[in-house]
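Structure, as structure tokens:
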Amino acid sequence: MARVEGYVEIDTERCKGCGLCINACPTKVLEFDMGTFNSKGYHPARYKGTGCIACGFCYMMCPDVCITVYRSVPATVGK
Ligand code: SF4
Ligand code: SF4
């Protein structure tokens with residue numbers, strides 16, 4: 001079975017830094033961006049850059065619908 005590679009985009013301006021997505025991620029690839037504040041004064045969540053499996057848990061948990069999950073399946077699928 002092909003390994004699914006995921007990627008997430010986070011709307012950092014809408015993020016309120018609650019951490020629910022970080023706790024929900026089974027591969028622990030989300031974290032707070034401690035070097036950044038958004039205009040509301042929160043440290044937003046960010047994707048570490050690798051390891052997302054596109055499970056969608058972060059998307060489902062975010063109360064402010066800040067997260068978009070992308071799924072990429074290698075072209076060899078089905079061959
Ligand atoms: S889609 Fe799943 S693996 Fe990817 S960042 Fe969200 S919770 Fe983590
Ligand atoms: S669940 Fe949503 S609002 Fe909470 S930290 Fe994650 S992206 Fe930000």
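Read-outs throughout are calculated quantities, based only on the coordinates presented, and are distinct from any laboratory measurement. This is a predicted model, so every value here is computed, not measured. Cβ placement follows ideal geometry from the backbone for every residue including glycine, while neighbour counts extend to all protein chains displayed.
Determine which aspartates and glutamates satisfy two conditions relative to K48: a Cα distance under 13 Å, and not lying fewer than 8 residues away in the same chain.
E9, E31, D33
Just rank C66, C55, fewest to most, by other beta-carbon atoms within 10 angstrom.
Fewest-to-most Cβ neighbours within 10 Å comes out as C55, C66.
Over the Cα atoms of the chain, Rg to Rh with Kirkwood Rh, two decimal places?
1.04
Which residue, P63, I22, A45, has the largest displacement toward the positive end of the dipole of the chain when charges sit on each Cβ (Lys, Arg +1; Asp, Glu -1)?
Projecting each Cα onto the dipole axis, the largest value belongs to I22.
Please find the FRET efficiency linking E13 to T50, where r is the Cβ-Cβ separation and R0 is fixed at 22 Å, and quote it to the nearest 0.05.
Given R0 = 22 Å and the Cβ-Cβ separation, E is 0.35.
Would you kindly state how much longer the chain becomes between A24 and M60 on full extension, computed as 0.36 nm times their sequence separation minus their alpha carbon distance, in nm to one decimal?
My answer for the length gained is 12.0 nm.
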